[in-house]
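Shown next, in structure tokens, is the structure this report addresses.
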């Protein structure tokens, strides 16, 4: 199967995804993970409908030395389970490069990826020999693993001798300059609350210019209409309210999130940290020392070329790689090496 055939197969999968969304799929997904409500499952699936086009896939792969590996290399992919289809980009990258996907899927997010894998095989039966989701190969040629900082230490012990990409905990931040429009603040609320804030691209900390009132953020966060009601999210929100009340910590409360002044980049579920800055240059010097903890940064590009627009954190393109590690290049080297 050549690259053109693989691209056309994934493009057809993108066209078929809307037809796979039904109550049976929603029921099975939420049974495996009650954070995966129909709204967020639909969000993730439809995002791949938009990405899996012939134009996107061709643009993404253009310029890479993609050949037909012989024999097929076994790429073990260990997925996380924090948001729906979080491992699909790795699935796509392994298969588009002509390798064999050996998936050790999180039990919290195996329904959707298994469903899409089967549909891909229905489209092109040649993929059947390149997808292995059970009894995974114990002797892989390379490893891509995503998890916590603790699990990363295990992955390094277990697979560190192999070519590997091992991802750890990250979160994302927003930088405001005070000139944001209401629309931009509404878009930032989506960056915070989509997938209930569980993704590495979810905004967990907001930097505010000195003198900016965090109360300006209450209305955008409170009026956000995205996710379905979710029992564990509601439980966490009530828990954090009670905890902060007992600790007598001042905070700003909304129906969806709690704004808390705190310098930590990472925040508990339902809590958004904020802090103030006086000088943009000094702020980005600080941010540069924390790059290993940050996935993406939203804000006005005039502040810093690294920033992406508000509202785009949860909408990465095919060429926006987790941890800024180019997995396509990693897998198109004759022998994958450590990035």
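Points worth noting:
- Selection within the stretch 50-77 - touching a helix residue (DSSP H, G or I) at 6+ places or on another chain (Cβ under 7 Å) and loosely packed, with under 12 Cβ neighbours inside 10 Å: 65
- Residues in the stretch 202-212 that are crowded, with 22+ Cβ neighbours inside 10 Å and in a loop (DSSP other than H, G, I, E, B): 202 alone.
- Criterion (modelled with pLDDT of 95 or more and within 30 Å of residue 221 (Cα to Cα)) met by exactly one of 182, 168: 182
- 2 or more residues free of Cβ contacts under 8 Å to residues at least 40 places away in the same chain, in contact with a helix residue (DSSP H, G or I) (Cβ under 7 Å, 6 or more places away or on another chain) and surrounded by fewer than 21 Cβ atoms within 10 Å (Cβ to Cβ): qualifying strands (runs of 3 or more DSSP E) within the stretch 99-193: none
- Residues of the stretch 219-254 classified as touching a residue at least 40 places away in the same chain (Cβ under 8 Å) and either in the same structural domain as residue 40 (by TED's automatic domain parsing) or in contact with a strand residue (DSSP E or B) (Cβ under 6 Å, 6 or more places away or on another chain) (or both), total: 0
The values are calculated or read from the model by the stated rules, or taken from the named source; none is laboratory data. Since this is a predicted model, take the numbers as computed values, not measurements. Cβ atoms come from the backbone with ideal geometry, glycine included; neighbour counts cover every protein chain shown.
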